[in-house]
Amino acid sequence: MPPRLPTNQLEAAVNEADKLDLVDPEALRSALNGLTGRRGVPALRTLLDRRTFTLTASGLERLFLPIARRAGLAKPLTRQVVNGFEVDFYWPDLGLVVETDGLRYHRTPAQQARDRLRDQAHTRGGLTQLRFTHSQVAYEAGYVETTLATVARRLAPPWPGRLA
């Protein structure tokens, strides 16, 4: 039996293929419909479930998603342009943008200055912007989860009968 690709590596491969315009997750889902009894198809079908699969640009973003789910947040929009910037995660119903900052794209003064412009554009646009470092996402998941849950509760629109 050939080796089986772990789920996290399969997810990374699908995301990378999408980023390089080699495959579209929707087209891949459709192609799987006619395939039965083939090795790997059930795992790929499970991974591509519309309710749970989210395109991401990095391993750090994939590490963040389960933390956001545990915090009670719905599936976010990803790779969306908001206020002129592509964002990592966006919850339009909450007016919440979250960026996960790995060292690769956020270490130089020029990159950090662009991050500040991005944050200011979102604030000017009336959004709440949260930024988590690689270290926080990887090693302080409880802190990230608590912060997300607290901010999401504050931003959630009131419903009838809810005390403000």
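Only the coordinates and a few stated rules stand behind these numbers; no lab work does. What you see is a predicted model; the values in this text were computed from it and never measured. Backbone-built Cβ (ideal geometry, glycine too); neighbour counts: all protein chains shown.
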| message | I'm trying to understand the selection: among the residues of the stretch 92-115, which are within 22 Å of residue 155 (Cα to Cα), out of contact with any Lys or Arg (no Cβ under 7 Å at 6 or more places or on another chain) and free of Cβ contacts under 8 Å to residues at least 60 places away in the same chain? | response | 92, 96, 97, 98, 100
| field | Leading residue by the ranking (surrounded by the most Cβ atoms within 10 Å (Cβ to Cβ)) among those in the stretch 116-141 that are without any contact (Cβ under 8 Å) to a residue 24 or more places away in the chain and polar (S, T, N, Q) | value | 136
